[in-house]
(Lines give C-alpha, C1' and ligand atoms only; values in the text may rest on other atoms or scores of the structure.)
Protein backbone atom coordinates (compact mmCIF):
# COMPACT_ATOMS: atom_id res chain seq x y z
CA UNK A 1 0.00 0.00 0.00
CA UNK A 2 1.29 3.47 -0.94
CA UNK A 3 0.26 6.85 0.41
CA UNK A 4 1.27 10.34 -0.64
CA UNK A 5 0.85 13.45 1.49
CA UNK A 6 -0.21 16.00 -1.12
CA UNK A 7 -2.31 19.16 -1.06
CA UNK A 8 -2.92 18.74 2.67
CA UNK A 9 -4.39 15.23 2.44
CA UNK A 10 -3.08 11.66 2.48
CA UNK A 11 -4.05 9.92 -0.77
CA UNK A 12 -3.87 6.17 -1.28
CA UNK A 13 -2.56 5.06 -4.66
CA UNK A 14 -1.29 1.93 -6.37
CA UNK A 15 1.17 1.76 -9.24
CA UNK A 16 1.06 -1.35 -11.42
CA UNK A 17 4.03 -1.81 -13.73
CA UNK A 18 3.41 -3.09 -17.24
CA UNK A 19 4.49 -6.66 -17.90
CA UNK A 20 5.97 -5.39 -21.16
CA UNK A 21 8.45 -2.61 -21.83
CA UNK A 22 5.77 0.07 -22.18
CA UNK A 23 6.14 3.84 -22.12
CA UNK A 24 2.40 4.46 -21.77
CA UNK A 25 0.56 5.07 -18.48
CA UNK A 26 -3.16 5.09 -17.69
CA UNK A 27 -4.52 6.96 -14.65
CA UNK A 28 -7.90 5.96 -13.20
CA UNK A 29 -10.51 8.16 -11.41
CA UNK A 30 -13.26 6.09 -9.76
CA UNK A 31 -16.93 7.02 -9.34
CA UNK A 32 -18.87 8.08 -6.25
CA UNK A 33 -19.29 5.14 -3.88
CA UNK A 34 -16.44 3.28 -5.60
CA UNK A 35 -12.73 3.15 -4.85
CA UNK A 36 -9.61 2.04 -6.69
CA UNK A 37 -10.20 -1.65 -5.89
CA UNK A 38 -13.14 -1.85 -8.31
CA UNK A 39 -10.98 -1.38 -11.40
CA UNK A 40 -9.75 -4.97 -11.04
CA UNK A 41 -11.84 -6.12 -14.00
CA UNK A 42 -9.81 -3.90 -16.33
CA UNK A 43 -6.36 -4.32 -14.80
CA UNK A 44 -5.65 -7.81 -16.16
CA UNK A 45 -6.53 -6.71 -19.68
CA UNK A 46 -4.54 -3.46 -19.62
CA UNK A 47 -1.43 -4.14 -17.54
CA UNK A 48 0.38 -5.92 -20.37
CA UNK A 49 0.48 -2.78 -22.50
CA UNK A 50 0.31 0.05 -19.96
CA UNK A 51 1.58 1.13 -16.58
CA UNK A 52 -1.45 1.78 -14.37
CA UNK A 53 -2.00 4.34 -11.62
CA UNK A 54 -5.02 3.71 -9.40
CA UNK A 55 -5.94 6.35 -6.83
CA UNK A 56 -8.55 6.67 -4.09
CA UNK A 57 -9.94 10.19 -4.31
CA UNK A 58 -10.02 12.43 -1.25
CA UNK A 59 -12.43 10.99 1.34
CA UNK A 60 -12.85 7.69 -0.54
CA UNK A 61 -11.49 4.19 -0.01
CA UNK A 62 -8.24 4.22 1.95
CA UNK A 63 -7.52 7.92 1.42
CA UNK A 64 -7.84 10.34 4.29
CA UNK A 65 -11.40 11.48 5.11
CA UNK A 66 -12.06 15.06 4.14
CA UNK A 67 -13.66 17.63 6.42
CA UNK A 68 -15.40 20.82 5.43
CA UNK A 69 -16.39 21.95 1.96
CA UNK A 70 -15.26 20.21 -1.22
CA UNK A 71 -14.92 21.51 -4.77
CA UNK A 72 -13.76 20.35 -8.16
CA UNK A 73 -10.74 22.63 -7.85
CA UNK A 74 -9.80 20.83 -4.64
CA UNK A 75 -9.97 17.41 -6.31
CA UNK A 76 -8.05 18.64 -9.37
CA UNK A 77 -5.35 20.11 -7.13
CA UNK A 78 -5.10 16.79 -5.27
CA UNK A 79 -4.53 14.84 -8.48
CA UNK A 80 -2.10 17.34 -9.95
CA UNK A 81 -0.04 17.27 -6.75
CA UNK A 82 0.02 13.45 -6.85
CA UNK A 83 1.07 13.47 -10.51
CA UNK A 84 3.91 15.85 -9.67
CA UNK A 85 4.87 13.71 -6.67
CA UNK A 86 5.18 10.65 -8.94
CA UNK A 87 6.95 12.58 -11.73
CA UNK A 88 4.41 11.58 -14.38
CA UNK A 89 4.76 13.53 -17.63
CA UNK A 90 1.93 12.52 -19.96
CA UNK A 91 -0.69 9.82 -19.57
CA UNK A 92 -4.07 8.52 -20.65
CA UNK A 93 -6.93 9.23 -18.26
CA UNK A 94 -9.99 7.08 -17.47
CA UNK A 95 -12.85 8.41 -15.34
CA UNK A 96 -16.09 6.73 -14.30
CA UNK A 97 -19.22 8.77 -13.42
CA UNK A 98 -18.08 11.26 -10.73
CA UNK A 99 -14.51 10.43 -11.74
CA UNK A 100 -15.47 11.20 -15.34
CA UNK A 101 -16.60 14.70 -14.41
CA UNK A 102 -13.35 15.15 -12.48
CA UNK A 103 -11.40 13.92 -15.52
CA UNK A 104 -13.08 16.61 -17.66
CA UNK A 105 -12.18 19.37 -15.20
CA UNK A 106 -8.61 18.05 -14.94
CA UNK A 107 -8.13 17.74 -18.71
CA UNK A 108 -9.54 21.22 -19.33
CA UNK A 109 -7.05 22.72 -16.87
CA UNK A 110 -4.03 20.59 -17.82
CA UNK A 111 -4.58 19.70 -21.50
CA UNK A 112 -0.90 18.94 -22.20
CA UNK A 113 -0.80 16.17 -19.58
CA UNK A 114 -3.62 14.04 -21.01
CA UNK A 115 -2.96 12.07 -24.19
CA UNK A 116 -6.33 10.33 -24.47
CA UNK A 117 -9.41 10.76 -22.29
CA UNK A 118 -11.83 7.88 -21.66
CA UNK A 119 -15.13 8.80 -19.99
CA UNK A 120 -17.30 5.97 -18.67
CA UNK A 121 -20.97 6.53 -17.83
CA UNK A 122 -21.03 10.30 -17.47
CA UNK A 123 -23.93 12.72 -17.83
CA UNK A 124 -23.41 16.43 -17.52
CA UNK A 125 -26.27 17.65 -19.71
CA UNK A 126 -29.50 18.46 -17.95
CA UNK A 127 -31.06 21.83 -17.07
CA UNK A 128 -29.89 23.56 -13.89
CA UNK A 129 -33.37 23.76 -12.35
CA UNK A 130 -33.85 20.03 -12.79
CA UNK A 131 -30.52 19.35 -11.14
CA UNK A 132 -31.77 20.93 -7.93
CA UNK A 133 -34.95 18.86 -8.19
CA UNK A 134 -32.91 15.68 -8.47
CA UNK A 135 -30.88 16.56 -5.37
CA UNK A 136 -33.96 17.46 -3.34
CA UNK A 137 -35.82 14.27 -4.23
CA UNK A 138 -32.76 12.08 -3.78
CA UNK A 139 -31.94 13.48 -0.36
CA UNK A 140 -35.57 13.08 0.70
CA UNK A 141 -35.50 9.41 -0.31
CA UNK A 142 -32.28 8.77 1.59
CA UNK A 143 -33.66 10.48 4.69
CA UNK A 144 -36.96 8.62 4.51
CA UNK A 145 -35.89 5.11 3.53
CA UNK A 146 -32.17 5.02 4.27
CA UNK A 147 -29.19 4.37 2.03
CA UNK A 148 -29.86 0.61 2.04
CA UNK A 149 -33.17 1.14 0.26
CA UNK A 150 -31.60 3.48 -2.31
CA UNK A 151 -28.79 1.02 -2.89
CA UNK A 152 -30.94 -2.07 -3.31
CA UNK A 153 -33.84 -0.58 -5.26
CA UNK A 154 -32.14 2.10 -7.35
CA UNK A 155 -28.35 2.05 -7.47
CA UNK A 156 -27.61 -1.66 -7.90
CA UNK A 157 -30.20 -2.32 -10.65
CA UNK A 158 -28.72 0.56 -12.65
CA UNK A 159 -25.05 -0.12 -11.86
CA UNK A 160 -25.00 -3.72 -13.05
CA UNK A 161 -27.02 -6.24 -15.04
CA UNK A 162 -26.13 -8.96 -12.54
CA UNK A 163 -29.03 -10.09 -10.30
CA UNK A 164 -28.96 -8.92 -6.70
CA UNK A 165 -27.66 -12.19 -5.26
CA UNK A 166 -24.86 -12.60 -7.79
CA UNK A 167 -21.39 -12.26 -6.29
CA UNK A 168 -20.57 -9.21 -8.43
CA UNK A 169 -23.73 -7.42 -7.30
CA UNK A 170 -23.02 -8.37 -3.70
CA UNK A 171 -19.49 -6.93 -3.94
CA UNK A 172 -20.96 -3.65 -5.16
CA UNK A 173 -23.58 -3.73 -2.42
CA UNK A 174 -20.98 -4.30 0.31
CA UNK A 175 -18.72 -1.60 -1.11
CA UNK A 176 -21.49 1.00 -1.13
CA UNK A 177 -22.71 -0.10 2.30
CA UNK A 178 -19.29 0.81 3.73
CA UNK A 179 -19.37 4.35 2.32
CA UNK A 180 -20.46 7.01 4.86
CA UNK A 181 -23.77 8.49 3.74
CA UNK A 182 -22.48 12.01 4.40
CA UNK A 183 -19.54 11.51 2.05
CA UNK A 184 -21.68 9.96 -0.68
CA UNK A 185 -24.28 12.72 -0.60
CA UNK A 186 -21.60 15.43 -0.55
CA UNK A 187 -20.00 14.08 -3.73
CA UNK A 188 -23.40 13.51 -5.32
CA UNK A 189 -24.42 17.10 -4.67
CA UNK A 190 -21.16 18.43 -6.14
CA UNK A 191 -21.57 16.27 -9.24
CA UNK A 192 -25.14 17.45 -9.86
CA UNK A 193 -24.77 21.13 -8.98
CA UNK A 194 -21.46 21.90 -10.68
CA UNK A 195 -21.26 20.16 -14.04
CA UNK A 196 -18.35 20.65 -16.48
CA UNK A 197 -20.46 21.84 -19.41
CA UNK A 198 -18.32 24.76 -20.57
CA UNK A 199 -15.19 22.64 -20.11
CA UNK A 200 -16.34 20.11 -22.73
CA UNK A 201 -15.45 22.38 -25.65
CA UNK A 202 -12.02 23.04 -24.10
CA UNK A 203 -10.94 19.40 -24.24
CA UNK A 204 -8.12 19.00 -26.75
CA UNK A 205 -7.42 15.32 -26.09
CA UNK A 206 -9.02 12.58 -28.21
CA UNK A 207 -11.93 11.38 -26.11
CA UNK A 208 -13.77 8.06 -25.94
CA UNK A 209 -17.17 7.95 -24.23
CA UNK A 210 -18.55 4.55 -23.20
CA UNK A 211 -22.16 4.10 -22.09
CA UNK A 212 -23.90 0.99 -20.79
CA UNK A 213 -26.89 -0.16 -22.81
CA UNK A 214 -28.85 -0.88 -19.60
CA UNK A 215 -27.76 2.21 -17.65
CA UNK A 216 -30.87 3.89 -16.22
CA UNK A 217 -28.88 6.48 -14.25
CA UNK A 218 -27.19 8.07 -17.25
CA UNK A 219 -28.97 6.82 -20.40
CA UNK A 220 -26.84 6.42 -23.50
CA UNK A 221 -28.90 9.06 -25.35
CA UNK A 222 -27.73 11.75 -22.91
CA UNK A 223 -24.12 10.60 -23.03
CA UNK A 224 -24.23 10.75 -26.81
CA UNK A 225 -25.31 14.39 -26.59
CA UNK A 226 -22.33 15.04 -24.30
CA UNK A 227 -20.03 13.56 -26.94
CA UNK A 228 -21.32 16.06 -29.50
CA UNK A 229 -19.87 18.94 -27.46
CA UNK A 230 -16.35 17.49 -27.26
CA UNK A 231 -14.18 18.49 -30.26
CA UNK A 232 -12.62 15.06 -30.92
CA UNK A 233 -14.97 12.48 -29.39
CA UNK A 234 -15.94 8.90 -30.16
CA UNK A 235 -19.04 7.39 -28.58
CA UNK A 236 -19.84 3.69 -28.10
CA UNK A 237 -22.65 1.86 -26.30
CA UNK A 238 -21.54 -1.31 -24.51
CA UNK A 239 -24.22 -4.00 -24.94
CA UNK A 240 -25.77 -5.80 -21.96
CA UNK A 241 -24.09 -3.52 -19.42
CA UNK A 242 -25.18 -1.12 -16.72
CA UNK A 243 -23.49 2.00 -15.39
CA UNK A 244 -20.48 -0.01 -14.15
CA UNK A 245 -19.92 -1.43 -17.63
CA UNK A 246 -16.30 -2.33 -16.82
CA UNK A 247 -17.72 -4.85 -14.34
CA UNK A 248 -20.50 -6.18 -16.58
CA UNK A 249 -18.44 -6.35 -19.79
CA UNK A 250 -14.73 -6.05 -18.90
CA UNK A 251 -13.41 -7.77 -22.04
CA UNK A 252 -15.34 -5.50 -24.40
CA UNK A 253 -14.34 -2.43 -22.38
CA UNK A 254 -10.64 -3.35 -22.49
CA UNK A 255 -10.79 -4.12 -26.20
CA UNK A 256 -12.37 -0.77 -27.08
CA UNK A 257 -10.06 1.24 -24.82
CA UNK A 258 -6.93 -0.35 -26.27
CA UNK A 259 -8.14 0.01 -29.85
CA UNK A 260 -9.08 3.66 -29.29
CA UNK A 261 -5.74 4.62 -27.76
CA UNK A 262 -3.79 2.81 -30.46
CA UNK A 263 -5.80 4.42 -33.26
CA UNK A 264 -5.64 7.94 -31.84
CA UNK A 265 -1.94 7.78 -31.05
CA UNK A 266 -1.19 6.68 -34.61
CA UNK A 267 -3.55 9.00 -36.49
CA UNK A 268 -5.15 11.85 -34.51
CA UNK A 269 -8.48 12.92 -35.95
CA UNK A 270 -9.46 16.43 -36.92
CA UNK A 271 -11.45 18.24 -34.26
CA UNK A 272 -15.02 19.33 -34.82
CA UNK A 273 -16.70 22.48 -33.58
CA UNK A 274 -20.23 22.42 -32.20
CA UNK A 275 -22.06 25.15 -30.33
CA UNK A 276 -23.81 24.19 -27.12
CA UNK A 277 -26.89 26.15 -28.16
CA UNK A 278 -27.37 23.85 -31.15
CA UNK A 279 -28.42 20.96 -28.93
CA UNK A 280 -29.93 22.80 -25.95
CA UNK A 281 -33.51 22.27 -27.07
CA UNK A 282 -32.87 18.58 -27.75
CA UNK A 283 -31.37 18.12 -24.29
CA UNK A 284 -34.36 19.80 -22.65
CA UNK A 285 -36.82 17.66 -24.61
CA UNK A 286 -34.99 14.45 -23.71
CA UNK A 287 -34.74 15.46 -20.08
CA UNK A 288 -38.45 16.24 -19.80
CA UNK A 289 -39.30 12.71 -20.89
CA UNK A 290 -36.63 11.10 -18.71
CA UNK A 291 -36.70 13.02 -15.41
CA UNK A 292 -39.47 10.93 -13.90
CA UNK A 293 -37.45 7.73 -14.30
CA UNK A 294 -34.12 9.07 -13.04
CA UNK A 295 -34.95 8.54 -9.38
CA UNK A 296 -36.93 5.77 -7.71
CA UNK A 297 -39.94 7.95 -6.96
CA UNK A 298 -42.84 5.54 -7.11
CA UNK A 299 -45.80 6.69 -9.16
CA UNK A 300 -48.87 7.16 -7.00
CA UNK A 301 -46.69 6.20 -4.05
CA UNK A 302 -46.54 2.60 -5.25
CA UNK A 303 -45.12 0.37 -2.50
CA UNK A 304 -42.24 -2.06 -2.98
CA UNK A 305 -42.26 -5.31 -1.03
CA UNK A 306 -39.42 -7.81 -1.04
CA UNK A 307 -40.05 -11.31 0.28
CA UNK A 308 -37.17 -13.74 0.85
CA UNK A 309 -38.07 -17.43 0.93
CA UNK A 310 -35.11 -19.25 -0.58
CA UNK A 311 -32.98 -19.56 2.57
CA UNK A 312 -35.39 -18.29 5.21
CA UNK A 313 -38.33 -15.95 5.69
CA UNK A 314 -37.79 -12.18 5.58
CA UNK A 315 -40.05 -9.33 4.47
CA UNK A 316 -39.18 -5.70 3.77
CA UNK A 317 -41.75 -3.09 2.77
CA UNK A 318 -40.38 0.11 1.23
CA UNK A 319 -36.96 -0.74 2.61
CA UNK A 320 -38.15 -1.33 6.18
CA UNK A 321 -38.02 -4.88 7.51
CA UNK A 322 -41.18 -6.24 9.17
CA UNK A 323 -39.72 -8.26 12.02
CA UNK A 324 -42.64 -9.22 14.23
CA UNK A 325 -46.14 -10.61 13.91
CA UNK A 326 -45.58 -13.39 11.41
CA UNK A 327 -46.28 -16.25 13.81
CA UNK A 328 -49.84 -15.05 14.48
CA UNK A 329 -53.08 -15.69 12.59
CA UNK A 330 -51.40 -17.57 9.73
CA UNK A 331 -49.85 -14.30 8.50
CA UNK A 332 -46.72 -15.93 7.07
CA UNK A 333 -48.63 -18.76 5.39
CA UNK A 334 -51.14 -16.43 3.74
CA UNK A 335 -48.51 -13.97 2.52
CA UNK A 336 -46.35 -16.72 1.00
CA UNK A 337 -49.35 -18.11 -0.87
CA UNK A 338 -50.27 -14.67 -2.23
CA UNK A 339 -46.69 -13.97 -3.33
CA UNK A 340 -46.35 -17.27 -5.19
CA UNK A 341 -49.95 -17.32 -6.46
CA UNK A 342 -50.51 -13.64 -7.32
CA UNK A 343 -54.17 -13.96 -8.31
CA UNK A 344 -56.34 -16.18 -6.17
CA UNK A 345 -59.78 -16.43 -4.62
CA UNK A 346 -60.64 -16.78 -0.96
CA UNK A 347 -61.71 -20.37 -1.65
CA UNK A 348 -58.36 -21.17 -3.29
CA UNK A 349 -56.47 -19.93 -0.27
CA UNK A 350 -58.69 -21.81 2.19
CA UNK A 351 -58.27 -25.07 0.25
CA UNK A 352 -54.48 -24.66 0.33
CA UNK A 353 -53.94 -23.55 3.92
CA UNK A 354 -56.96 -24.95 5.80
CA UNK A 355 -57.77 -28.17 3.89
CA UNK A 356 -59.17 -29.94 6.96
CA UNK A 357 -61.72 -27.23 7.81
CA UNK A 358 -65.20 -27.04 6.29
CA UNK A 359 -65.17 -24.21 3.76
CA UNK A 360 -67.74 -21.96 5.55
CA UNK A 361 -65.72 -22.08 8.77
CA UNK A 362 -62.44 -21.53 6.92
CA UNK A 363 -63.87 -18.50 5.08
CA UNK A 364 -65.18 -17.01 8.32
CA UNK A 365 -61.79 -17.43 10.00
CA UNK A 366 -60.04 -16.05 6.94
CA UNK A 367 -61.75 -12.66 7.38
CA UNK A 368 -60.06 -12.27 10.76
CA UNK A 369 -56.69 -13.40 9.42
CA UNK A 370 -56.85 -11.03 6.44
CA UNK A 371 -57.67 -8.03 8.63
CA UNK A 372 -54.62 -8.84 10.75
CA UNK A 373 -52.36 -9.24 7.70
CA UNK A 374 -53.63 -5.96 6.21
CA UNK A 375 -52.50 -4.10 9.32
CA UNK A 376 -49.15 -5.87 9.21
CA UNK A 377 -48.61 -4.75 5.61
CA UNK A 378 -49.47 -1.07 6.00
CA UNK A 379 -47.23 1.66 4.66
CA UNK A 380 -46.99 5.46 4.62
CA UNK A 381 -48.71 7.86 6.96
CA UNK A 382 -52.22 7.18 5.63
CA UNK A 383 -51.94 3.52 6.67
CA UNK A 384 -52.58 2.05 3.23
CA UNK A 385 -52.06 -1.69 2.99
CA UNK A 386 -50.33 -3.57 0.20
CA UNK A 387 -52.94 -6.33 0.65
CA UNK A 388 -56.14 -5.72 -1.30
CA UNK A 389 -59.33 -7.76 -1.05
CA UNK A 390 -62.86 -7.85 -2.38
CA UNK A 391 -65.70 -10.26 -1.73
CA UNK A 392 -64.04 -13.00 -3.77
CA UNK A 393 -60.45 -12.17 -4.74
CA UNK A 394 -57.20 -11.41 -2.91
CA UNK A 395 -54.10 -9.77 -4.31
CA UNK A 396 -50.99 -7.77 -3.41
CA UNK A 397 -50.84 -4.29 -4.93
CA UNK A 398 -47.45 -2.79 -5.73
CA UNK A 399 -44.07 -4.03 -6.87
CA UNK A 400 -43.50 -7.50 -5.41
CA UNK A 401 -40.01 -9.03 -5.46
CA UNK A 402 -39.31 -12.58 -4.34
CA UNK A 403 -35.96 -14.37 -4.39
CA UNK A 404 -37.70 -17.75 -4.69
CA UNK A 405 -39.51 -16.74 -7.88
CA UNK A 406 -36.20 -15.46 -9.27
CA UNK A 407 -34.58 -18.76 -8.30
CA UNK A 408 -37.29 -20.79 -10.05
CA UNK A 409 -36.81 -18.69 -13.17
CA UNK A 410 -33.05 -19.26 -12.98
CA UNK A 411 -33.59 -23.03 -12.81
CA UNK A 412 -35.88 -22.80 -15.82
CA UNK A 413 -33.35 -20.80 -17.82
CA UNK A 414 -30.57 -23.23 -16.87
CA UNK A 415 -32.57 -26.22 -18.11
CA UNK A 416 -33.17 -24.41 -21.40
CA UNK A 417 -29.41 -24.63 -22.07
CA UNK A 418 -29.40 -28.44 -22.11
CA UNK A 419 -28.55 -28.47 -25.84
CA UNK A 420 -25.41 -26.40 -25.20
CA UNK A 421 -23.11 -28.11 -22.71
CA UNK A 422 -20.83 -25.13 -22.04
CA UNK A 423 -23.68 -22.64 -21.55
CA UNK A 424 -25.48 -25.07 -19.25
CA UNK A 425 -22.28 -25.64 -17.25
CA UNK A 426 -21.73 -21.91 -16.72
CA UNK A 427 -25.41 -21.36 -15.92
CA UNK A 428 -25.32 -24.18 -13.35
CA UNK A 429 -22.29 -22.66 -11.65
CA UNK A 430 -24.10 -19.34 -11.34
CA UNK A 431 -27.23 -21.08 -10.07
CA UNK A 432 -25.48 -22.95 -7.26
CA UNK A 433 -23.55 -19.82 -6.25
CA UNK A 434 -26.90 -18.18 -5.49
CA UNK A 435 -27.59 -20.77 -2.78
CA UNK A 436 -26.34 -19.95 0.70
CA UNK A 437 -27.23 -23.39 2.10
CA UNK A 438 -28.30 -26.84 0.93
CA UNK A 439 -31.81 -26.65 2.32
CA UNK A 440 -34.12 -24.45 0.32
CA UNK A 441 -37.49 -23.02 1.32
CA UNK A 442 -37.28 -23.87 5.05
CA UNK A 443 -39.87 -23.22 7.74
CA UNK A 444 -43.19 -23.57 5.87
CA UNK A 445 -45.08 -26.85 6.05
CA UNK A 446 -48.32 -26.33 4.13
CA UNK A 447 -48.86 -29.24 1.76
CA UNK A 448 -48.99 -27.09 -1.40
CA UNK A 449 -45.66 -25.49 -0.44
CA UNK A 450 -44.04 -28.85 0.39
CA UNK A 451 -45.04 -30.14 -3.06
CA UNK A 452 -43.53 -27.05 -4.71
CA UNK A 453 -40.35 -27.54 -2.67
CA UNK A 454 -40.15 -31.21 -3.72
CA UNK A 455 -40.37 -30.27 -7.41
CA UNK A 456 -37.61 -27.68 -6.99
CA UNK A 457 -35.38 -30.14 -5.11
CA UNK A 458 -35.89 -32.76 -7.81
CA UNK A 459 -34.67 -30.31 -10.46
CA UNK A 460 -31.71 -29.34 -8.27
CA UNK A 461 -30.91 -33.03 -7.83
CA UNK A 462 -30.87 -33.54 -11.59
CA UNK A 463 -28.64 -30.50 -12.10
CA UNK A 464 -26.32 -31.54 -9.24
CA UNK A 465 -25.86 -35.00 -10.76
CA UNK A 466 -25.19 -33.44 -14.16
CA UNK A 467 -22.62 -31.06 -12.65
CA UNK A 468 -20.93 -33.98 -10.89
CA UNK A 469 -20.38 -35.68 -14.24
CA UNK A 470 -19.18 -32.44 -15.82
CA UNK A 471 -16.64 -31.79 -13.07
CA UNK A 472 -15.44 -35.40 -13.33
CA UNK A 473 -14.88 -34.92 -17.08
CA UNK A 474 -12.88 -31.78 -16.33
CA UNK A 475 -10.72 -33.58 -13.77
CA UNK A 476 -12.17 -31.67 -10.79
CA UNK A 477 -12.73 -34.75 -8.65
CA UNK A 478 -13.32 -32.92 -5.36
CA UNK A 479 -15.99 -30.73 -6.93
CA UNK A 480 -17.49 -33.79 -8.60
CA UNK A 481 -17.78 -35.48 -5.20
CA UNK A 482 -19.39 -32.39 -3.68
CA UNK A 483 -22.02 -32.23 -6.41
CA UNK A 484 -22.66 -35.97 -6.06
CA UNK A 485 -23.35 -35.48 -2.34
CA UNK A 486 -25.65 -32.61 -3.22
CA UNK A 487 -27.49 -34.76 -5.76
CA UNK A 488 -27.94 -37.50 -3.15
CA UNK A 489 -29.23 -34.92 -0.67
CA UNK A 490 -31.93 -33.66 -3.04
CA UNK A 491 -32.98 -37.07 -4.38
CA UNK A 492 -32.85 -39.02 -1.10
CA UNK A 493 -36.18 -40.58 -0.16
CA UNK A 494 -35.51 -39.62 3.46
CA UNK A 495 -35.35 -35.98 2.48
Among (1) more than 24 Å from residue 91 (Cα to Cα); (2) in contact (Cβ under 8 Å) with a residue 40 or more places away in the chain, there is one condition residue 169 misses while meeting the rest; what is its number?
(2)
Checked 237, 254 against criteria (part of a strand (DSSP E or B), surrounded by fewer than 21 Cβ atoms within 10 Å (Cβ to Cβ) and touching a helix residue (DSSP H, G or I) at 6+ places or on another chain (Cβ under 7 Å)); the one match is 237
Residue check, residue 460 within 28 Å of residue 351 (Cβ to Cβ) and modelled with pLDDT of 90 or more
yes
Here are some conditions: (1) assigned to a helix (DSSP H, G or I); (2) surrounded by fewer than 16 Cβ atoms within 10 Å (Cβ to Cβ); (3) out of contact with any helix residue (DSSP H, G or I) (no Cβ under 9 Å at 6 or more places or on another chain). Residue 453 meets all but one. Which one does it not meet?
(2)
Which numbered condition in (1) surrounded by fewer than 17 Cβ atoms within 10 Å (Cβ to Cβ); (2) farther than 30 Å from residue 409 by Cα is the only one that residue 177 fails?
(2)
Can you spot a residue in the range 262-284 that is modelled with pLDDT under 90, in a helix (DSSP H, G or I), in the same structural domain as residue 97 (by TED's automatic domain parsing) and in contact with a strand residue (DSSP E or B) (Cβ under 6 Å, 6 or more places away or on another chain)?
yes
Tell me, which residue of the range 17-30 that is surrounded by 13 or more Cβ atoms within 10 Å (Cβ to Cβ) and at pLDDT below 95 is nearest to residue 93 (Cα to Cα)?
24
Regarding the range 311-332, can at least one residue be identified that is in a helix (DSSP H, G or I), modelled with pLDDT under 90 and closer than 23 Å to residue 395 by Cβ?
no
Kindly establish whether residue 187 is within 20 Å of the chain's Cα centre (by Cα), under 25 Å from residue 108 (Cβ atoms), at pLDDT 85 or above and not in a loop (DSSP other than H, G, I, E, B).
yes
Looking only at strands (runs of 3 or more DSSP E) that lie completely in the range 1-93, which have at least 2 residues being without any contact (Cβ under 8 Å) to a residue 60 or more places away in the chain?
2-6, 9-16, 51-55
Modelled with pLDDT of 75 or more, under 22 Å from residue 405 (Cα atoms), in contact with a strand residue (DSSP E or B) (Cβ under 9 Å, 6 or more places away or on another chain) and in the same structural domain as residue 212 (by TED's automatic domain parsing), is that true of residue 152?
yes
Residues being surrounded by fewer than 19 Cβ atoms within 10 Å (Cβ to Cβ), in contact with a helix residue (DSSP H, G or I) (Cβ under 7 Å, 6 or more places away or on another chain) and closer than 15 Å to residue 116 by Cβ: count how many of those fall in the range 69-102.
0
Quick one: residue 41 ticks every box in (1) crowded, with 17+ Cβ neighbours inside 10 Å; (2) modelled with pLDDT of 90 or more; (3) touching a helix residue (DSSP H, G or I) at 6+ places or on another chain (Cβ under 9 Å); (4) under 24 Å from residue 243 (Cβ atoms) except a single one, so which number is it?
(2)
Matching residues in the range 375-400 (touching a strand residue (DSSP E or B) at 6+ places or on another chain (Cβ under 8 Å), within 19 Å of residue 321 (Cβ to Cβ) and surrounded by fewer than 17 Cβ atoms within 10 Å (Cβ to Cβ)) number 4
Is it the case that the range 369-377 has a residue that's farther than 25 Å from residue 157 by Cβ and in a strand (DSSP E or B)?
no
Answer residue from the range 200-217, given it is within 14 Å of the chain's Cα centre (by Cα) and crowded, with 23+ Cβ neighbours inside 10 Å and is modelled with the highest pLDDT among those
212
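The values are calculated or read from the model by the stated rules, or taken from the named source; none is laboratory data. In this text, all values refer to a predicted model and were calculated from it rather than measured experimentally. Don't worry about glycine lacking a Cβ; one is built from the backbone with ideal geometry, like all the others, and counts go over all protein chains shown.
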